[in-house]
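Engineer: Before I ask anything, here is the structure I am working with.
The values are calculated or read from the model by the stated rules, or taken from the named source; none is laboratory data. In this text the structure is predicted, and so the values were computed from the model without any measurement. Here the Cβ positions follow ideal geometry from the backbone for every residue, glycine too, while neighbour counts run over all protein chains shown. Keep in mind that these areas ignore ligands, DNA and RNA; they rest on the heavy atoms of the full protein, side chains included. Shrake-Rupley method; radii C 1.70, N 1.55, O 1.52, S 1.80 Å.
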Amino acid sequence: MAEGGGTRGAAGGGPLAGLLVADFSRILAGPYATMLLADLGAEVVKVESPAGDDTRTWQPPVRDGVSTYYLGVNRGKRSVALDLKDPDDLAAAQELARRADVLVENFKPGGLARFGLDYGTVSATNPGVVYASISGFGSGPGGAALPGYDLIVQAISGLMSLTGSPEGEPYRAGISVFDVMAGLHATIGVLSALHARAQSGTGQHVEVNLLSSALSGLVNQSSAYVAGGVVPQRMGNSHPSLFPYEPLPCADGDLIVTAGNNGQFRRLVEVLGVPELADDPRFLRNEDRTAHRDELRPLLVERLRTRGKLAWFRDIIAAGVPCGPINTVEQGVAFAEEVGLDPVVVVGEGDAAVPTVRNPLRLSATPPSYHLPPPALDEHGDALRRWLSTPAPAPAPAPGEEPPA
């Protein structure tokens, strides 16, 4: 960190170097978005209440007493704890917003207005700010008051109606999938608004909500209803429009097998030793195989049960047909290492070093970087307060200021 608490230029390179992000978000969607921005070189100041981000207490599991949930989405940031009900802390928060290129928040819509940190107030003194708001159901009269929890959106959007066995109960996804998706959409919105600002000189308000992200992310399933009038239902691990495209049992466990076109299906049945199935009138085209899945599935399983899943995996992949074993997360990380993706990056040094999952982007000229481990609560508070109390030049999009030592 630059002496005096300054943030600009301290991170080094990256496509977003020189941008200051004021992160007023908590939990997952917002922090995930701001972590991605930090990986790309932006300086991110994480504003927390004196109690800290809720995910600091979401445990187990923990690493050195710190929630791994928190560690997973907060690298690359500096933490300052500010009580917005305290006049001095509120003044610091408002000054941070005045200096920021980007502000990200996920308070209930309108919740920051009483602190003078809403878009209208902030943009009045900082017209270049790109202000991103993430909510559960938008800022309209029907959705603003609703609590924005991922699980609730999984239920309301219809995702849970699609997840699980046809005869069983609905299931949620194994992660907060729409929080992550909304975080990605927020990142796209911020980058788009920054590009527009480079042309116009002014920022704008970027609004993202979990329900809209969910309906977009349901892709073929939401399109089935919107464009086709079909209400999708739970099919377990089966695909409504493709077969085979699901786990199939081998001698020692299940193997995901996907044959998305006629050529792949022909290669699959050749490897399995039943090439005649490719010319069976019931299975000639994908729509035929889908219509006759109950007849085709046992014929494929009969062959797959003769060998182990890894033996079949090697042979089927070699034939150019997508497939893969169902792994644990541990095995998934190991496989990523095996294929050269280097999925784990250690951030920090010595006792402060934390293993985290690598940013998935690969940029040939300006790759992501990992300059700070997830911060302790208010770890950088004193330095940041000193910086914010020092007079600064005009706000963004003016050139980045480097505070005095």
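Engineer: Considering the chain as a Gaussian network with a 10 Å cut-off on Cα pairs, which listed residue, A173, A92, A336, attains the greatest mean-square fluctuation?
Structural biologist: With Cα springs under 10 Å in the chain, the top fluctuation among A173, A92, A336 is at A336.
Engineer: Further question: Just to verify a number: what accessible area does S369 come out at with the full protein assembly present, 1.4 Å probe, Å² rounded to tens?
Structural biologist: Ignoring ligands and nucleic acids, S369 comes out at about 40 Å².
Engineer: Within the accessible area of segment 1-127, what % is carbon and sulfur when the probe is 1.4 Å and the other protein chains stay in place?
Structural biologist: C and S atoms contribute 55 percent here.
Engineer: In percent, how large is the relative contact order of segment 229-361, given Cα pairs closer than 8 Å and 6 or more residues apart?
Structural biologist: In percent, rounded to a whole number, it is 23.
Engineer: Round to the nearest 10 and report in Å² the accessible area of W58, as given by a 1.4 Å probe over the protein chains' heavy atoms.
Structural biologist: Ignoring ligands and nucleic acids, W58 comes out at about 110 Å².
Engineer: Roll a 1.4 Å probe over the protein chains and send me the accessible area per residue for segment 260-405 in Å².
Structural biologist: 58 Å²
Engineer: To continue, here is another question. Ranked by accessible surface with a 1.4 Å probe, highest first, in what order do R98, R305 come?
Structural biologist: Of R98, R305, the descending order of accessible area is R305, R98.
Engineer: For the chain, set up a GNM with springs between Cα atoms under 10 Å and report which of P373, P244, P60 has the largest fluctuation.
Structural biologist: P60
Engineer: Over what distance in Å are the Cα centres of segment 218-252 and segment 289-312 separated?
Structural biologist: Taking the Cα centre of segment 289-312 as reference, the centre of segment 218-252 is 18 Å away.
Engineer: Under a 5 Å amide H to amide H cut-off, with H placed in plane at 1.01 Å, what residues pair with V347 once short-range neighbours are removed?
Structural biologist: Here V354, T356 satisfy the definition.
Engineer: Among P244, I156, L211, whose Cα lies farthest out toward the positive end of the dipole of the chain, if unit charges sit on the beta carbon of Lys, Arg (+1) and Asp, Glu (-1)?
Structural biologist: The residue sitting most towards the positive pole is P244.
Engineer: Shifting gears a bit: For a protection proxy built on the mean count of beta-carbon atoms within 10 angstrom, sort 203-214, 228-239, 127-138 highest first, please.
Structural biologist: Sorting 203-214, 228-239, 127-138 by mean packing, highest first, produces 127-138, 203-214, 228-239.
Engineer: While we're looking at this one, here's another question. Quick one: among V219, V44, V346, which has the greatest mean-square fluctuation in a GNM of the chain with alpha-carbon springs under 10 angstrom?
Structural biologist: Highest fluctuation among the options: V219.
Engineer: So what's the gap between the Cα centers of segment 121-142 and segment 160-215, to the nearest angstrom?
Structural biologist: Their Cα centres are 16 Å away from one another.
Engineer: Segment 331-387: which GluC sites (Glu not before Pro) are DSSP loop and have at most 15 other beta-carbon atoms within 10 angstrom?
Structural biologist: Taking segment 331-387 and a limit of 15 other Cβ atoms within 10 Å, the loop GluC sites (Glu not before Pro) found are E349.
Engineer: If you stretched the chain out fully between D64 and A145, how much longer would it get, using 0.36 nm times the residue separation minus the C-alpha to C-alpha distance?
Structural biologist: Gain on extension, D64 to A145, equals 25.4 nm.
Engineer: What is the distance, in nm, between label points placed 7 Å from the Cα along the Cα-to-Cβ direction at A155 and at V329?
Structural biologist: 2.4 nm
Engineer: Within straight cross-link reach of K46, meaning Cα distance under 21 Å, which lysines are found once same-chain residues fewer than 8 apart are removed?
Structural biologist: K77, K85, K108
Engineer: Going by amide H atoms built from the backbone, whose H comes under 5 Å of the H on L372, apart from near neighbours?
Structural biologist: Result for L372 returns G76.
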